[in-house]
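Student: Have a look at this one before I ask anything.
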Amino acid sequence: MVKKVLIFGGRGNLASELVRSFSDKGVDVDVVTRGKEGLIPKCNKVYCVERSYLEFFPKSIYDIIIFTQGIYEPVPITENLESSFSLQIQVGLIDPMILTQRFLNLLNSTNTIHDFCFIGSTSSYDGFPNSSIYCAVKHGLLGFTRALNAEYAKSSIRFWLFSMGSMRNKMGVKDASQNVNTFLDPVFISKRIVESLLTNENIFEPEMLIRRRNLS
């Protein structure tokens, strides 16, 4: 049976590569994106929301659900607008938590494996200057993932956190303090994620952490 995948934040660089990687493996991929509908290569169906991902109410059951959405604004804590605190936490943490609850309520009892995947960061484990809100959001996803894996330990539902160092994408290049030539390739990262999720081996990696070996 062909697996069905749903990806939130479908227009982001990593999400786009995930769509390609899954499609190349013969997997059907739907995406949820903000803004007007447009072509997303190799995507099966596009669901558009106007302002918030919470406008999406699931009606179908997916084998794999991936939350890639997030906001990264690298500035000192004193320069963040108060409204930015709420927005970054809402998009990066609260939305995935609420959407996860909605999908779990659809599943009820099941013996089939279902995977919920969150995109973390090395910021899920460390603190970095000028990214306090982002680090708080990613630490929150780490705690959320660990708690749900404990809560659903006796079920066939699994929760993953894929955490990477800076990538060569629109978000990564915002940080001018780092050498972009050392950034991770989203194509490589997407393939690693897809391989982990689609493996038939008796392996579960609830926390995959991929750091850059060289930073300069």
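The values are calculated or read from the model by the stated rules, or taken from the named source; none is laboratory data. Quantities reported herein were computed from a predicted structural model and do not represent experimental measurements. Cβ placement follows ideal geometry from the backbone for every residue including glycine, while neighbour counts extend to all protein chains displayed.
Student: Taking residue 15 as meeting all but one of (1) of a type in the set (A, V, I, L, M); (2) out of contact with any Ser or Thr (no Cβ under 6 Å at 6 or more places or on another chain); (3) at pLDDT 90 or above, write down the number of the exception.
Tutor: Only one criterion is unmet by residue 15, namely (2).
Student: Look at residue 173 and say whether it is modelled with pLDDT under 95, more than 22 Å from residue 127 (Cβ to Cβ) and not in a loop (DSSP other than H, G, I, E, B).
Tutor: No.
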